[in-house]
Amino acid sequence: MDVEEKIKLIKRNTVEIVTESELREKLEKGEKLKGYIGFEPSGLFHVGWMVWAKKLDDLVRAGIEMRVLAATWHAWVNDKLGGDLNLIRDAARYVWHVLKALGLPMDKIGWVYAEDLVSDPNYWALVIKVAKNTSLARMKRALTIMGRKADEAELDSSKLIYPAMQVSDIVYMDLDVALGGLDQRKAHMLQRDVAPKINAKKVIAIHTPLLTSLQGGKRMDVKDLDDYASEIKMSKSKPESAIFVHDSPEEIWSKLKKAYCPAGVVEFNPVLDIVKYVIFPWREYKPFVVERPEKFGGTVAFNTYEELEEAFREGKLHPLDLKKATAKYLSEILEPVRRYFQENEEAKELYRKISSSRITR
Ligand SMILES: Nc1ncnc2c1ncn2[C@@H]1O[C@H](COP(=O)(O)OP(=O)(O)OP(=O)(O)O)[C@@H](O)[C@H]1O
Ligand SMILES: N[C@@H](Cc1ccc(O)cc1)C(=O)O
């Protein structure tokens, strides 16, 4: 794969790369790049996470040495799973199984636990250095990276340490690339600002879109799109907002049937988001076929998402027909996951533990 092909693959279905020219420069020099994505283990894997999972796969294919950080200590700070580190670790292992079930090349992807970092005093020296170079106001503003509002550290000041930890994770692992959904932007921009002050390299940030909650969203007068998108995103701590990778075809249909999808409305439409960022990429961009009786226009095939969006915007594709086809394809894509979790004993047991734990936050 030449540099142009790599950049095309890395860039597809992202919101932004900060910056593309830095990425190009490193690729042109033939540098061996190291990257990561971190996640907080808690709760079940929803289809929103398939957006970054696909990008993780793309980055591996583009030759970037990728690892996944199971941010167990961060999840503890963020009160996930009642702060029970054993359960949090189980939730991390569960995610490993989901990624495997989705077909990711887990033998080519590193797997790191926060414990591997926090057991080293040098890591904490970095956390202090990052904090020394960050104002309190900036640290508070960055709390959206953990799904919290700036004032949520008032009663629990450990939360103020979290952004410094996330920045330190990147520096400690000496990474070139940080992958995350758009809601992780503030962590990456903070890393880029602090890096030159602590003699570290600026990370190249790759941000993927956030799937909208099944309840949808409406554009308001928002200052930071990353803050608004994170407020209305599909999220594991709001189960009613999400389709989980374990949902049966019946559950998927029943959730999609009720999902926000007004005729002709494209913005913050969760059904279209799923088609664009999950179905097209996970089916390797094969045509999306909507079966309809002749009297409603007959069966129609869309070769690209753009064609489908145009038809929907112009009222040539009815929300119910779109939802039916989306449910069918999504159920098909998720079938191997359902099968894997029936057949793999460890995965099955972890799923049982995590899904029966009532406390996600
Ligand atoms: N709806 C979504 N669409 C796409 N990516 C998402 C979505 N929600 C989270 N992500 C991404 O998944 C990664 C892990 O996020 P996170 O642990 O905050 O998920 P979450 O479902 O919002 O969980 P929680 O509700 O516990 O905050 C991040 O990179 C984040 O940007
Ligand atoms: N902040 C991320 C999790 C994360 C934690 C540490 C990291 O280094 C990276 C990501 C989230 O809420 O999903």
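The values are calculated or read from the model by the stated rules, or taken from the named source; none is laboratory data. Model, not experiment: these values are computed from the prediction. All Cβ positions, glycine included, derive from the backbone under ideal geometry; neighbour counts span all protein chains shown. Quick note on the areas: whole protein, heavy atoms, side chains included, nothing else; ligands and nucleic acids left out. Shrake-Rupley method; radii C 1.70, N 1.55, O 1.52, S 1.80 Å.
Per-residue packing, averaged as other Cβ atoms within 10 Å, sorts the ranges 5-11, 340-346 into the order 5-11, 340-346, beginning with the highest. For Lys159, give me every one of the lysines with a C-alpha distance below 19 angstrom, ignoring sequence neighbours fewer than eight places off in its own chain. Filter leaves Lys80, Lys129, Lys132, Lys140, Lys149, Lys186. Listed by chain and number, the lysines placed with their C-alpha closer than 17 angstrom to that of Lys348 are Lys100; residues fewer than eight positions away on the same chain are left out. Normalising the average separation of contacting C-alpha pairs (under 8 angstrom, six or more residues apart) by the number of residues puts the relative contact order of region 43-180 at 25 percent.
Remark: relative contact order (region 225-356) = 26 percent; criterion is Cα-Cα distance under 8 angstrom and separation of 6 or more residues. Separation of region 251-307 from region 135-150 is 36 Å, based on Cα centroids. A P(r) calculated from all alpha carbon pairs of region 149-208, with 10 Å bins opening at zero, reads 23, 49, 25, 3 percent. For region 145-159, putting each phi into the Karplus relation 6.51 cos²θ - 1.76 cosθ + 1.60 with θ = phi - 60° gives couplings of 5, 10, x, 10, 8, 3, 7, 6, 9, 4, 9, 9, 6, 4, 5 Hz, in residue order, rounded to whole numbers and with x for Gly and Pro. Counting only protein heavy atoms and a probe of 1.4 Å, the accessible surface of the chain is 51% carbon and sulfur. Its relative contact order, with pairs defined as Cα atoms under 8 Å and 6+ residues apart, puts the chain at 20 percent.
Rounded to the nearest 500, what is the chain's calculated 222 nm mean residue ellipticity when only DSSP H runs of at least 4 contribute -39500 (n - 2.57) each, over all residues?
Numbers: 16 runs with 166 residues, N = 361.
Result for the chain, helices only: -13500 deg cm²/dmol.
DSSP assigns beta bridges within the chain; of those with both partners inside it, close to 30 percent run antiparallel.
Just checking the listed ones, Val289, Val47, Val68: in the Gaussian network model of the chain with Cα springs under 10 Å, the one fluctuating most is Val289. When the chain is treated as a Gaussian network with alpha carbon springs shorter than 10 Å, the biggest mean-square fluctuation among Pro270, Pro121, Pro319 belongs to Pro121.
With Cα atoms as the point set, the chain shows a radius of gyration and Dmax of 20.5, 70 Å. By the rule of a C-alpha distance below 15 Å, with chain neighbours fewer than 8 residues away ignored, the aspartates and glutamates paired with Lys34 are Glu22, Glu25, Asp57, Asp58, Glu65, Asp169, Asp174, Asp176.
The GluC sites (Glu not before Pro) found in region 14-90 that occupy coil by DSSP, while having at most 14 further C-beta atoms within 10 Å, are Glu31.
Of the trypsin sites (Lys or Arg not before Pro) found in region 175-267, those in coil by DSSP whose Cβ has at most 12 other Cβ atoms within 10 Å are Lys218, Arg219, Lys223. Computed over region 225-356, the range of Cα coordinates on each principal axis works out to 47, 35, 25 Å, biggest value leading. For Lys233, the residues whose modelled amide H falls within less than 5 Å of its own, excluding neighbours fewer than 5 places apart on the same chain, are Ser213.
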